[in-house]
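Below: one structure, written as structure tokens.
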Amino acid sequence: MGLIKKALFTGVAGTASVVGYLGATTSVICPLPSDDPIFQSESYAKYNIHRNASTQDIIYKRIPLSKIRPELLKDEGDLTVEFCRGIWGGLGTRPQRAYLARKYQSRATSSQLWTAEQLDTSTYEKGTQLIDHFEVVEKTPTEIVLRAGDSPRNQGPRDADGLFIISSVVDEARNEVVLGLKTCFFTSAHKVEGFHGPMPTWMEGLHRWYARFWMATGSYRVTK
């Protein structure tokens with residue numbers, strides 16, 4: 001019994017340490033301000049055709065420029081791509097990748113990115129599909145926008161739809177890099193009345209902690 005209690009205590013303490021670290025090193029804005037650029041974006045207008053209410057947030061992290069790998073600051077866009085690689089090929093998404101691979105990896109999805117090596121080396125051009133759940137729909141030097149919520153093989157309106165934006169911006173005034181993970185989930189299949197997004201409140205909390213974990217593993221990729 002003593003060993004069991006010790007193991008349980010160690011597990012709880014370890015989880016608390018991780019949660020504490022994620023909470024201390026990342027920040028959350030929820031909901032997004034009404035003037036956030038996502039609401040005026042081409043992708044939002046294209047996919048949220050009914051202008052339904054959405055579940056939205058952004059997780060961001062500030063990192064001193066001195067801690068960023070210098071080669072990622074030479075050419076415009078390299079930092080954003082490497083951050084994106086760190087998210088999809090890193091530990092944070094490994095459980096989701098494994099689950100989706102068991103369910104959906106097949107000849108029909110063979111053109112998509114599945115392996116860690118593929119996800120670690122892709123440049124995430126527009127049209128890139130990964131793990132049968134995401135598709136790059138916009139790409140700029142500071143943002144990679146992915147459609148989420150359902151298989152990219154379903155190009156039409158969806159019961160579960162949304163946008164996931166991976167971003168990096170250099171804040172020269174503060175000598176920092178700001179990394180961001182922005183999400184906006186909605187229903188696009190039909191009009192939904194009300195002002196609450198599709199995600200239950202309890203799930204929103206879990207989603208944000210999961211996104212913080214993605215941020216931690218993704219940001220590790222771009223630091224020295």
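A quick yes/no check of all residues on (1) in contact (Cβ under 8 Å) with a residue 12 or more places away in the chain; (2) small (G, A, S):
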{"residue": "T142", "(1), (2)": "yes, no"}
{"residue": "V145", "(1), (2)": "yes, no"}
{"residue": "D150", "(1), (2)": "yes, no"}
{"residue": "F164", "(1), (2)": "yes, no"}
{"residue": "A173", "(1), (2)": "no, yes"}
{"residue": "K182", "(1), (2)": "yes, no"}
{"residue": "F195", "(1), (2)": "yes, no"}
{"residue": "T201", "(1), (2)": "no, no"}
Checklist entry - Considering S122, S168, which residue is among the small types (G, A, S), under 24 Å from D57 (Cβ atoms) and over 12 Å from the mean Cα position of the chain (by Cα)? => result S168
Item to check | Options V170, V136; residue that is among the β-branched types (V, I, T) and out of contact with any Gly (no Cβ under 7 Å at 6 or more places or on another chain) | outcome: V170
Next on the checklist: Looking at segment 37-58, can you tell me whether even one residue there is assigned to a helix (DSSP H, G or I) and either modelled with pLDDT under 95 or in contact with a Phe, Trp or Tyr (Cβ under 6 Å, 6 or more places away or on another chain) (or both)?
Outcome noted: yes
Checklist entry - Name the residues in segment 183-203 that are out of contact with any His (no Cβ under 8 Å at 6 or more places or on another chain) and buried (at least 18 other Cβ atoms within 10 Å of the Cβ), would you? => result C184, F185, F186, G197, P198
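The values are calculated or read from the model by the stated rules, or taken from the named source; none is laboratory data. Model, not experiment: these values are computed from the prediction. Please note: Cβ atoms are built from the backbone with ideal geometry, for glycine as well, and neighbour counts cover all protein chains shown.
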